[in-house]
Amino acid sequence: MIGDIEGKENLWVFVEQFKGVPKQVSLELIAKARMLADRFGLRVAALLIGDNVRNVSPVLINAGADDVFLLEDPLLSQYRSDFYAPVILDLIRKGKPGAVFFGATPIGRDLAPAVAALAETGCTADCIDLELTENGALLQTVPAFGGRMMAVIVTPERRPQIATVRLGVFQQAWFPEHNGRVVDISPQLTQAKFDLVEFVEESLQPSLLFSARVVVAGGAGVDSREGWELLRELAGVLQGALGGSRPALDNGWIRESQMIGHSGSTIRPDLYIAVGISGDVLHMVGVQDAKVIVAVNSDSRAPIFSNSDYGIIGDYREVIPVLINAVKKKQRS
Amino acid sequence: MHVAVCVKMVPAPGQWSRIVFRDDGSLQREGIELIINPVDRNALEEALKIRQARGGTVAVFSMGPPSCLEHLREALAMGADRAFLLSDRNFAGADTLATSRALAAGIKKEMPGFDLVLCGSASIDSGTAQVGPQLAAYLGAAHLTEAFSISVGEQNCFQVRTAGSHGYFVTDLRKPAVISVTKQLNKPRIPTLFDIMASCNKEIIILSSAELSLPKSESGLEGSPTKVRELFFSPARRLARILEGSMEDRVEELLRQPGVAGVLK
Ligand SMILES: Cc1cc2nc3c(=O)[nH]c(=O)nc-3n(C[C@H](O)[C@H](O)[C@H](O)COP(=O)(O)OP(=O)(O)OC[C@H]3O[C@@H](n4cnc5c(N)ncnc54)[C@H](O)[C@@H]3O)c2cc1C
Ligand SMILES: Cc1cc2nc3c(=O)[nH]c(=O)nc-3n(C[C@H](O)[C@H](O)[C@H](O)COP(=O)(O)OP(=O)(O)OC[C@H]3O[C@@H](n4cnc5c(N)ncnc54)[C@H](O)[C@@H]3O)c2cc1C
């Protein structure tokens, strides 16, 4: 069963799936758990909860899971905290994992802290790195201090150590030869605390940010419709996607799915062009794995210049049109 | 309908650089200008609307240093009936679990018959969004997060719409419950001069850890399962090259760089 692994503090990943397709962030977390587990001979378990979701298991095993803990019940078909949290708590008490990872999605952010509170353990939000030490301590790196520093958070005395991680922070891996097993567990459902009346599906436009080779992003420094049209045109000629910083979202220039940074998307394009963005760490952690970062900013002291590869000091209204023309010229030749 | 609203005081944007970390990992915030966490105003606004429709009371709970007092005045001016400040050296350095435990103890003591607790979805300073769900666990109540619409129905029931990844959930929630709300929910009122005057005789009660029967081992830094183990500056690993010359020259130079030229093809 789940507790038969002689006192080892194994690593668990809560798997979020929609219509039988696991979420990308869950696969990324399984890959990270696999890496950490291999170093210390631990097992990786994927918690798969839902109704008729058994067919998701092979993907989770290929993504790196040794065990898929499968909990099926018609009442679990949609996520709901009042059932999911106690079910996971029960599982934790039996299996005694060292750590449990959740994607920092709307569901993960609703569920992980609730599970942590029920288990009276620590929960670290939006980690940008996870490391494991020999004695099983999980080192959870988060930006601190309004982003000027990084902090390593630990949960020294309680288990499991619970962490949430955003999409794109870790990279998915694929182990076609990997063997795993599916462990059926019958969930003990507790009393409902609410009635889920309905789930209204909305067709979301998938964000282009994750797949684009080039991303052009604007910040608080780009404050007019004409300015954003310029950025859109630049993104267009580079066949890239358009994104922005938090102020760009707050000011209504971009949609939520286009916000880049700690509380938005983490992306790794080949080229990232930041325009009118000061370079706050809470923004930059979202692009730290970009291959090349170019900054356009009118303030020569803006911190972004030390966090980018190439900097152009100047007003974007002057820089961007020249850049658009030069790119067009290069493409014609 | 008795509604508790949790309100956090956060450093005003622009005040970040003045915050200092103490050696024990707690934050030194003295002398820093505070504001009410913006989305917590939406939570309060919703509570006031519910009171308007259904009667009852609205109480505000905040945990923080004594400098939070004046901002609780603002919550009273908006229309809250009572305000409680959980303030005690023992509370300092709390992680979300210790924060939730303390807030739950305050609500249980001062508003034992609460129907609803409203929180903001996340604070603008640390923004973990964990306090709502954890508070619910300590209160033994149901919780929902990312609520963008709440309607109070017949018989103890609230219908709540919450945002998910692929759409939204419509939930009938029985009381007592904890709901974390988003800014889309409503537009918070701005108190008038009259409101401010009228709130002057409302009382703010300060609660210590002893009054909440919380031992030191369950409060603040000591009662927090998470600890800050290390702080470091993230190392710069970029070229940080500033391009010089006329604008045309700089742009040409940029497009010649291998990492940039490569993606133009
Ligand atoms: C950079 C940084 C990162 C942190 N990361 C973590 C972490 O990963 N895990 C962890 O356990 N702790 C963490 N902490 C500690 C955490 O910030 C504190 O516990 C804080 O008191 C509550 O967390 P929050 O502001 O993130 O609340 P959130 O959960 O984001 O706040 C949501 C709502 O809860 C209510 N609320 C929150 N705090 C209070 C309060 N003091 N009084 C009244 N109502 C309140 C408000 O309605 C608020 O809108 C971190 C602190 C810092 C500075
Ligand atoms: C918990 C938390 C999470 C956060 N998460 C995120 C996140 O995910 N993403 C994010 O982006 N932020 C996030 N933030 C906010 C972050 O801390 C910064 O405030 C934000 O990134 C700053 O955005 P900005 O660079 O666009 O604006 P600013 O810092 O205001 O910078 C604007 C820049 O534009 C330049 N400028 C002005 N005019 C011009 C011009 N004409 N031409 C060229 N340059 C010009 C200025 O010199 C300045 O450097 C978060 C904050 C907190 C507390």
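So which residues in region A:303-324 are small (G, A, S) and out of contact with any Leu (no Cβ under 7 Å at 6 or more places or on another chain), if there are any at all? Spell out the reasoning first.
Of the residues in region A:303-324, the ones small (G, A, S) are A:306, A:308, A:311, A:314.
Passing the criteria: A:S306, A:S308, A:G314.
Yes or no, residue by residue, for (1) in a loop (DSSP other than H, G, I, E, B); (2) at the interface with chain A (Cβ under 7 Å from one of its Cβ atoms); (3) closer than 17 Å to A:F102 by Cβ; (4) within 16 Å of ligand 2 (Cβ to nearest atom):
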residue	(1), (2), (3), (4)
B:S100	no, yes, no, no
B:G106	no, no, no, no
B:G127	yes, yes, yes, yes
B:S149	no, no, no, no
B:R161	no, no, no, no
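If we keep just the residues of region A:286-302 that are of a type outside the set (G, A, S) and near ligand 2 (Cβ under 8 Å from one of its atoms), which is surrounded by the fewest Cβ atoms within 10 Å (Cβ to Cβ)?
It comes out as A:D299.
Looking at this structure, is B:K265 among the basic types (K, R) and modelled with pLDDT under 95?
Criteria met by B:K265.
Would you mind finding the one in A:L282, A:L231, A:L249 that is out of contact with any Ser or Thr (no Cβ under 8 Å at 6 or more places or on another chain), in a helix (DSSP H, G or I) and surrounded by fewer than 23 Cβ atoms within 10 Å (Cβ to Cβ)?
Among A:L282, A:L231, A:L249, only A:L249 is out of contact with any Ser or Thr (no Cβ under 8 Å at 6 or more places or on another chain), in a helix (DSSP H, G or I) and surrounded by fewer than 23 Cβ atoms within 10 Å (Cβ to Cβ).
With respect to A:D184, determine if the residue is acidic (D, E), surrounded by fewer than 18 Cβ atoms within 10 Å (Cβ to Cβ), more than 8 Å from chain B (Cβ to nearest Cβ) and within 16 Å of ligand 1 (Cβ to nearest atom).
Spelling it out, it is not the case that A:D184 is acidic (D, E), surrounded by fewer than 18 Cβ atoms within 10 Å (Cβ to Cβ), more than 8 Å from chain B (Cβ to nearest Cβ) and within 16 Å of ligand 1 (Cβ to nearest atom).
Look at region A:103-118 and say how many of its residues are part of a helix (DSSP H, G or I) and either in contact (Cβ under 8 Å) with a residue 60 or more places away in the chain or touching a Ser or Thr at 6+ places or on another chain (Cβ under 8 Å) (or both). Let's see the steps before the verdict.
Taking region A:103-118 and keeping what is part of a helix (DSSP H, G or I), we get A:106-118.
With either in contact (Cβ under 8 Å) with a residue 60 or more places away in the chain or touching a Ser or Thr at 6+ places or on another chain (Cβ under 8 Å) (or both) added as a condition, the list becomes A:106-114, A:117.
Number satisfying all stated conditions: 10.
Consider region B:69-98. How many of its residues are more than 16 Å from ligand 2 (Cβ to nearest atom), in contact with a helix residue (DSSP H, G or I) (Cβ under 9 Å, 6 or more places away or on another chain) and either polar (S, T, N, Q) or within 14 Å of chain A (Cβ to nearest Cβ) (or both)?
Qualifying residue count, region B:69-98: 5.
Test B:I206 against the criterion of being closer than 27 Å to B:I124 by Cα and away from chain A (no Cβ under 14 Å), and give yes or no.
Considered against the rule, which asks whether it is closer than 27 Å to B:I124 by Cα and away from chain A (no Cβ under 14 Å), B:I206 comes out as yes.
Just to verify a result, which residue in region B:163-183, among those that are more than 7 Å from chain A (Cβ to nearest Cβ) and more than 15 Å from ligand 1 (Cβ to nearest atom), is surrounded by the fewest Cβ atoms within 10 Å (Cβ to Cβ)?
Per the stated criteria, the residue is B:K175.
Take B:R189 and decide whether it is at the interface with chain A (Cβ under 9 Å from one of its Cβ atoms) and outside any strand (DSSP E or B).
no
Can you name the residue in region A:288-314 that is in a loop (DSSP other than H, G, I, E, B) and more than 10 Å from chain B (Cβ to nearest Cβ) and, of all such residues, is nearest to A:A212 (Cα to Cα)?
Pass one, region A:288-314, residues in a loop (DSSP other than H, G, I, E, B): A:288-291, A:298-302, A:308-309, A:314.
Checking the rest, the ones that are also more than 10 Å from chain B (Cβ to nearest Cβ) come to A:289, A:298-299, A:301-302.
On the way: A:D289: 14, A:S298: 26, A:D299: 28, A:R301: 30, A:A302: 26 Å.
Across region A:288-314, the extreme among qualifying residues is A:D289.
The values are calculated or read from the model by the stated rules, or taken from the named source; none is laboratory data. Please read all numbers here as calculations on a predicted model, not as lab measurements. Neighbour counts run over all protein chains shown; Cβ positions are idealised from the backbone, glycine included.
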